[in-house]
1. Taking only pairs six or more apart or across chains, which ones have beta-carbon atoms under 6 Å, a first residue in the stretch B:129-144 that is in a loop (DSSP other than H, G, I, E, B), and a second residue that is surrounded by 15 or more Cβ atoms within 10 Å (Cβ to Cβ) and among the β-branched types (Val, Ile, Thr)?
2. Give the residues of the stretch A:257-281 that are farther than 18 Å from A:THR169 by Cβ and either facing another protein chain (nearest Cβ under 9 Å) or outside any helix (DSSP H, G or I) (or both), sorted by residue number.
3. Please find, within the stretch A:143-158, the residue that is nearest to A:VAL201 (Cα to Cα) out of those that are within 23 Å of the chain's Cα centre (by Cα), within 8 Å of chain B (Cβ to nearest Cβ) and open to solvent by less than 10 Å² (accessible area, probe 1.4 Å).
4. Answer yes or no: is there a residue in the stretch A:2-14 that is surrounded by fewer than 24 Cβ atoms within 10 Å (Cβ to Cβ), touching a residue at least 12 places away in the same chain (Cβ under 8 Å) and in contact with a helix residue (DSSP H, G or I) (Cβ under 6 Å, 6 or more places away or on another chain).
5. Identify the single condition in (1) more than 10 Å from chain B (Cβ to nearest Cβ); (2) free of Cβ contacts under 8 Å to residues at least 60 places away in the same chain; (3) under 23 Å from A:THR133 (Cα atoms); (4) open to solvent by less than 40 Å² (accessible area, probe 1.4 Å) that A:ILE74 does not satisfy, given that it satisfies every other one.
6. Out of (1) within 11 Å of another protein chain (Cβ to nearest Cβ); (2) open to solvent by 10 Å² or more (accessible area, probe 1.4 Å), what's the single condition that is false for A:GLY91?
7. Would the stretch B:22-42 turn up any residue that is touching a Pro at 6+ places or on another chain (Cβ under 9 Å) and either on the phi > 0 side of the Ramachandran plot or not in a loop (DSSP other than H, G, I, E, B) (or both)?
8. Scan B:PHE97, B:PHE157, B:PHE71 and give me the residue that is at the interface with another protein chain (Cβ under 10 Å from one of its Cβ atoms), surrounded by 19 or more Cβ atoms within 10 Å (Cβ to Cβ) and aromatic (Phe, Trp, Tyr).
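The values are calculated or read from the model by the stated rules, or taken from the named source; none is laboratory data. Owing to the predicted nature of the structure, the values given are computational and were not obtained by experimental measurement. Quick reminder, even Gly has a Cβ in these numbers, built from the backbone with ideal geometry, and neighbours come from all protein chains shown. Please note that ligands, DNA and RNA were not included when accessible areas were found on the heavy atoms of the full protein model with its side chains. Shrake-Rupley method; radii C 1.70, N 1.55, O 1.52, S 1.80 Å.
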Amino acid sequence: MGRTLAEKVWADHVVRQGDGEPDLLYIDLHLVHEVTSPQAFDGLRAAGRGVRRPDLTLATEDHNVPTVDVDRPIADPVSRTQVETLRRNCGEFGVRLHPLGDADQGIVHVVGPQLGLTQPGTTVVCGDSHTSTHGAFGALAFGIGTSEVEHVLATQTLPQPRPKTMAVTVDGKLPAGVSAKDLTLSLIAQVGTGGGQGHVVEYRGEAIRALSMEARMTICNMSIEWGAKAGLIAPDETTFGYLRGRPHAPTGADWDAAVAYWQSLVTDDDAAFDREVVLDAAAVTPFVTWGTNPGQGVPLAGVVPSPDDFDDEGDRTAAERALAYMDLTPGTRMREIEVDTVFVGSCTNGRIEDLRAAAKVVSGRHVADNLRMLVVPGSTRVRLQAEAEGLDTVFKAAGAEWRGAGCSMCLGMNPDTLAPGERAASTSNRNFEGRQGKGGRTHLVSAQVAAATAVAGQLAAPADLPDSSNPREG
Amino acid sequence: MDAFTQHSGVAAALRRSNVDTDQIIPAAYLKRVTRTGFADGLFAAWRSDPGFVLNRPEAAGASILVAGQDFGTGSSREHAVWALQDYGFRVVLASRFGDIFRSNAGKAGLLAAEVDAKVVAAIWDLLEREPRMTVTVDLAERTLLAGVDADRVQDSFDIDDYTRWRLLHGLDDIDITLSHAAEVEAFEASRPVWKPMTMPARTAG
């Protein structure tokens, strides 16, 4: 019988198989950041071990770094210690680091792909759950904890139980004005936050094939939000086109050899998945969350649900709790929900395509009174590219704040946080209680909806806005 | 890692589902560079409510947390496991765990035991009637026992064989892998030359 894409990549990385043991997988690329690595490096030191393959390891500073005054010492002493610890560890163990101020600094999941290090058929791990992002290239990529970070540093391998496989097939075409973020949010609302648990998911079908690499990364990024171990997409001409010419992409005869292998990375026609989910792309509309997990979402055209709408008692209780936390009344139209803050950024929607989409909406317009809009590029390279295209001017003219690169308000580890009771429309990936700041309330949205919301002052799609007097070209 | 064979302790009922790791320990508490000292961050936002289970006298000294479905979803932060351990928990019972949390627990020596949702509900009910009830978890037998006599809940729990074996013997994963060094070297020798390497560094600039 044929094999799935995930099974092929898995098989090509098995170092050792034994009865009653998990497979020992070889790791092609290990990404490291300041928050989940200090204890792992300490573990190496305590055991007298080194980093086995520093040449397969890359570190950047992203989670707690400030997005203003990046040329000055970090003001928060605890954050500064954590960042300095990473710098010291990378120096001591010979790991390549892109620190604050470097052109290749940024969110690990933006930096890996833009350097061409994330390649089809590789295994990629990082002490961060959104490592699933790299699956967009047909890589098997998943988040790990600090003990596993130490394990990979010491051995370049990881013992892993074999996951089950699932297919999410998205037939048809996404309607105009509907993005990959809308697709993934509507998928999660359908399958639930635990729907993918124990599975590696392959996204396939006409709508997935039509997506850009940036949009595919958005889809794969959110795999963890419905519990999947990893999410991947078979590499194709879109993938090869993105990689060609990137700093670490193969060249010459190596490129040809790599492409020949990459082209074999497809699910065989007679392969079977353990589970399958089918979606109709044409039915997807702009989608937003109302609650405190990414599965609690509705179409932007919908209303805040009532706990009574849920059959399952657990879902009903969770809805009651979420409505209380979010301070929302059932039946309220989503478009009537006013927000204080709009955040455009994160490893979900902080790439150049997202910034272009948001800039196009706010161009010639202005953010609503008393509303704060933060635009945080996913990497310094993205920031530089956006500035070369004049996007920073567009955002600033609209009254938005143009920031340095990092995770920023996605998780609120740096000073970019929501105040208690503040409400945000955010292009990030988690609307958990307190995620963006204690007492803060988060609605997950696409870059397009975020930008339109910034202008309207309440949840909105670009089509809801009156024509701008000075529309930007394209 | 210390071996884990059996544990008896006071149980606390966390009657919530979808407890993500941001709730277990908010990001603001992740800045420490040590492996200990995270007890203050455990359920930090919820603990500001005096009625929260861990603030009630019946949960004092609890070492077994009995939680709703999908405990430990979201972020990969192992700090969530460390915070539970620092606070005094040795065992978490739930009907489903986030994959990364469950894996982290197994590495750090916290027993994440998967039980039927009905068992969770039964233990919650028992705790209503008998606060400070002791639960005994036996990893060798994969069984749990809560309460006494006719009122007791006795059942089995799930944990994968390999994690169970490692916990029972207190084995370190890295030592096990290093014992297979020859196989790792053989695999490395077979890797295609065009596979990406981070060094020497190449950048676009």
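1. B:ARG132/B:VAL10
2. A:ALA257, A:ALA258, A:TYR261, A:GLN263, A:SER264
3. Checking each candidate, the answer is A:GLY143.
4. No, that holds for no residue.
5. Condition (3) is where A:ILE74 drops out.
6. A:GLY91 satisfies every listed condition except (1).
7. Checking the stretch B:22-42: at least one residue is touching a Pro at 6+ places or on another chain (Cβ under 9 Å) and either on the phi > 0 side of the Ramachandran plot or not in a loop (DSSP other than H, G, I, E, B) (or both).
8. Sole residue among the options that is at the interface with another protein chain (Cβ under 10 Å from one of its Cβ atoms), surrounded by 19 or more Cβ atoms within 10 Å (Cβ to Cβ) and aromatic (Phe, Trp, Tyr): B:PHE97.
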